[in-house]
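This report refers to the structure that appears directly beneath it.
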Ligand SMILES: C[S@@+](CC[C@H](N)C(=O)[O-])C[C@H]1O[C@@H](n2cnc3c(N)ncnc32)[C@H](O)[C@@H]1O
């Protein structure tokens, strides 16, 4: 397996951003730099975030020829509201977030993201953080573990798995954990191809990195940073992320969202987005064939509109 990262929904994401010469863009998830390079090829200037120092190091070398057209921030996209203005990006014309992890991280045995390799249970994006997957597995209570397995892994056997982990710990490696899960989870017929540890590894990664909270923070900050007419494009890879993006875009674009049907007059002051995609865009069959990791990707796009008060 190669660790070259192939940018997902590449043309679709760039088209969605409506890129114009010399305008400012934020790439919240630099990764291997593919989308950032694409934005610059279309003339945009980019502030690129990544929480992983290794990604910044690798991509900044790949993008060296773009010179001052790109700046980098080793920080979470959740903190873009504070960081971007300090880097001269106080108001921007488009923001992209391509969530999750890159092939470089997944295929790097040392990072502990994959059960295909035996590695320490790490799973941090940001190596400055002290909390690792091993910390969670070896110190959280069975109830706490069951809770994240259920909420972030949507795992039916969350309680049973949490109890068995607690009985068998300490566990230090991906293999120890994956083998234990495999002993407990019997997959229904026809689903044999998916390793039973998939959901638990997803849940741990989300919990270690506080991914869903960072996503909520990032989305809120993005809306504040966008100029009217600016576009927000988010690529997600599983239903928990997509649900957050979908609700967020809907809440800020549809005044009747979540309003009981008997209410006739609604407050529209919070409406700052127009949805460009009602249904998310998915990769073509050709893209999925060329890059199987794109298969669960969904792209949602919204545009910032002028606030009512600012219209006057
Ligand atoms: C799917 S990859 C992005 C790939 C990129 N679009 C490309 O074309 O190469 C996701 C990247 O987001 C980074 N990441 C994950 N959570 C983050 C966060 N909260 N803040 C900033 N970067 C994050 C990961 O380290 C990873 O490098």
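The values are calculated or read from the model by the stated rules, or taken from the named source; none is laboratory data. Just so it is clear, the structure is predicted and the values come from calculations on it, not from any experiment. Here the Cβ positions follow ideal geometry from the backbone for every residue, glycine too, while neighbour counts run over all protein chains shown.
When you check residue 180 against the structure, is it closer than 16 Å to residue 116 by Cα and crowded, with 18+ Cβ neighbours inside 10 Å, yes or no?
When the stated conditions are applied, residue 180 passes them.
Could you identify the single residue in 120, 109 that is more than 14 Å from the ligand (Cβ to nearest atom), in contact with a helix residue (DSSP H, G or I) (Cβ under 8 Å, 6 or more places away or on another chain) and within 17 Å of residue 205 (Cα to Cα)?
One residue alone meets the criteria, 120.
Restricted to segment 253-276, and to residues that are in contact with a helix residue (DSSP H, G or I) (Cβ under 8 Å, 6 or more places away or on another chain) and at pLDDT 95 or above, which residue is surrounded by the most Cβ atoms within 10 Å (Cβ to Cβ)?
Filtering first and then ranking leaves 273.
Check residue 204 against each of (1) assigned by TED's automatic domain parsing to the domain that holds residue 19; (2) assigned to a helix (DSSP H, G or I); (3) buried (at least 21 other Cβ atoms within 10 Å of the Cβ) and name the one condition it does not meet.
(1)
Could you say which residue among 59, 32, 13 is over 24 Å from residue 129 (Cα atoms) and within 9 Å of the ligand (Cβ to nearest atom)?
13
Give me the residue from segment 20-32 that is farther than 11 Å from residue 46 by Cα and in contact with a helix residue (DSSP H, G or I) (Cβ under 8 Å, 6 or more places away or on another chain) and, out of that set, surrounded by the fewest Cβ atoms within 10 Å (Cβ to Cβ).
Out of the qualifying residues, it is 32.
Going through 288, 301, 266 one at a time, which residue ends up being outside any strand (DSSP E or B), under 20 Å from residue 9 (Cβ atoms) and in the same structural domain as residue 20 (by TED's automatic domain parsing)?
None of the others qualify; the one that does is 288.
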